[in-house]
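Asks: The structure under discussion is supplied below as structure tokens; questions concerning it will follow.
The values are calculated or read from the model by the stated rules, or taken from the named source; none is laboratory data. Predicted, not measured: the structure shown is a model, and the values here were computed from it. Counting neighbours? That spans all protein chains shown, and the Cβs are built from the backbone with ideal geometry, glycine included. Areas reflect the complete protein model, heavy atoms only, side chains present, ligands, DNA and RNA absent. Shrake-Rupley method; radii C 1.70, N 1.55, O 1.52, S 1.80 Å.
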Amino acid sequence: MNSVLSVQNLSIEYSARRGRVQAIRNVSFDVQRGEALALIGESGSGKTTLGLGVVQLLPASAQITQGAITYRRDHNGAGAIEIDVLGLRGNGLREFRWKECAMVFQSALNALNPVLRIADQFADTAKAHGYLHGNALRERARHLLTLVRLDPERVWKSFPHELSGGMRQRVLIALSLLLEPQLLILDEPTTALDILTQRNIMDVLKELRGKLDFSLMFISHDLSLAAELADRVATVYAGKVVEVGDVKTIFKSPAHPYSIGLILAVPTITGTHENLSSIPGSPPDLIDLPSGCKFHPRCPLADHRCTRDEPELEDVSPGHRVACWNWRSAK
Ligand SMILES: Nc1ncnc2c1ncn2[C@@H]1O[C@H](COP(=O)(O)OP(=O)(O)O)[C@@H](O)[C@H]1O
Ligand SMILES: [Mg+2]
């Protein structure tokens, strides 16, 4: 198998005052080497929690209650070394986070250290990992900054507050690639940005994928962005992957009523109002989940079985899987 990441039967809970939040429930998926996998779903469906789980940056209130995360480091093309991510501690974990798997967060606009010039942010990161220094570091950083379409001369000596939101986001993307990670996790990388800046970041990401060799986990609530970048799409609902398939299949013939609803809700540029439809109701309370299929209260196809038993992913066609009792009538 040529996957860089395998997540198996992962469950993550938060302890909150009101009770236990079941943020991720028995989720399994792979990221293949070189591919971009998009995780899409409404706000609150557990996407960020999943990303944080993979890089082991969950807050103390979170607990992984079951499952395994396996990362496969490419060994110079001669097979792969398996890393049990949940078993990593201390230095091993720090190394994993930058050198193997880097994550750019949703709140990334504040993720740069405000008192350090961009040059020093690169130097600090490199130093902490005994990576390049001096001219070699400068060259690598300049290369990455150019790839994200920044002027290295201008940016190098700047403080974060001297840069626009889009520029800071591009600095962070360049910085995340400094130690040549094989897997990059981008959590809503354009959400806080205006539409033109968003466009620009998407173009940068597409270009980067063509020029550098990394796999991507792209987290977004915006289906149209996922469509631009992803090879495969996983739809997440109430902490569970409810459909996964290649991007064309998910868009042309989605099988889960929730995916269908998401796709119909995307306004098109030629935007007639007939195209604008949305899913009635709202996502469930993850502390007090409905019985059976968690989507049944909002689902046009729900029947008695859906209220009683939760469906697991099953094959619709090779590579296309869905967790729905009634997908045959949905298609
Ligand atoms: N630190 C936390 N403590 C308690 N609940 C949390 C915490 N972080 C997130 N949650 C809850 O976990 C669920 C999933 O959140 P999140 O992973 O941020 O979803 P998404 O990224 O899809 O919007 C939500 O119900 C959210 O309220
Ligand atoms: Mg999120």
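Asks: Just subtract the alpha-carbon distance of Arg328 and Ala16 from 0.36 nm times their residue separation and send over the number in nm, one decimal.
Replies: That pair, Arg328 and Ala16, stretches by 108.5 nm at full extension.
Asks: Find how much the distance from Ala136 to Ser43 grows on full extension, using 0.36 nm per residue of separation minus their present alpha carbon separation; answer in nm with one decimal.
Replies: 29.3 nm
Asks: If contacts are Cα pairs under 8 angstrom and at least 6 residues apart, what is the relative contact order of the chain in percent?
Replies: 20 percent
Asks: Using a Förster radius of 35 Å, what is the FRET efficiency between Arg154 and Asp246 based on their Cβ-Cβ separation? Nearest 0.05, please.
Replies: The formula returns an efficiency of 0.30 here.
Asks: As a check on your grasp of the helix formula, calculate [θ] at 222 nm for the chain: sum -39500 (n - 2.57) over DSSP H runs of n ≥ 4, divide by the residue count, round to the nearest 500.
Replies: After summing the helix terms and dividing by the residues of the chain, the value is -8500 deg cm²/dmol.
Asks: Assuming 0.36 nm per residue, please report the length gained on full extension of the stretch Ala128 to Lys206 beyond their Cα-Cα distance.
Replies: Going from the current span to full extension adds 25.2 nm.
Asks: Still on this model: How much of the accessible area of the chain, in percent, comes from carbon and sulfur atoms when a 1.4 Å probe is used?
Replies: Exposed carbon and sulfur together represent 51 percent of the surface.
Asks: Just to confirm the number: angle between the C-alpha axis of helix 165-176 and the first principal axis of the chain, 0 to 90 degrees, nearest 10?
Replies: It is inclined by approximately 80 degrees.
Asks: Would you mind checking the tilt of helix 118-128 against the longest principal axis of the Cα atoms of the chain, expressed as 0 to 90 degrees and rounded to 10?
Replies: 80 degrees
Asks: Here is a follow-up. Measuring with a 1.4 Å probe in the full set of protein chains, what accessible area per residue, in whole Å², belongs to segment 130-244?
Replies: With all protein chains present, segment 130-244 gives 38 Å² per residue.
Asks: Further question: Could you give the dipole magnitude of the chain about its Cα centre, charging the beta-carbon of Lys and Arg +1 and that of Asp and Glu -1, in debye to the nearest 20?
Replies: Once rounded to the nearest 20, the dipole reads 400 debye.
Asks: Taking the simple approach of a point 7 Å from Cα along Cα-to-Cβ for both Ser253 and Ile287, what is their distance in nm?
Replies: Inter-label distance under the simple model: 4.3 nm.
Asks: As I understand it, the dipole of the chain uses +1 on the Cβ of Lys and Arg and -1 on the Cβ of Asp and Glu, about the Cα centre. Which of Pro59, Leu132, Ala238 lies farthest toward its positive end?
Replies: After comparing all options, I get Leu132.
Asks: As an exercise, use a Förster radius of 25 Å and the Cβ-Cβ distance of Asn110 and Thr65 to find the FRET efficiency, rounded to the nearest 0.05.
Replies: Computed FRET efficiency for Asn110 and Thr65: 0.25.
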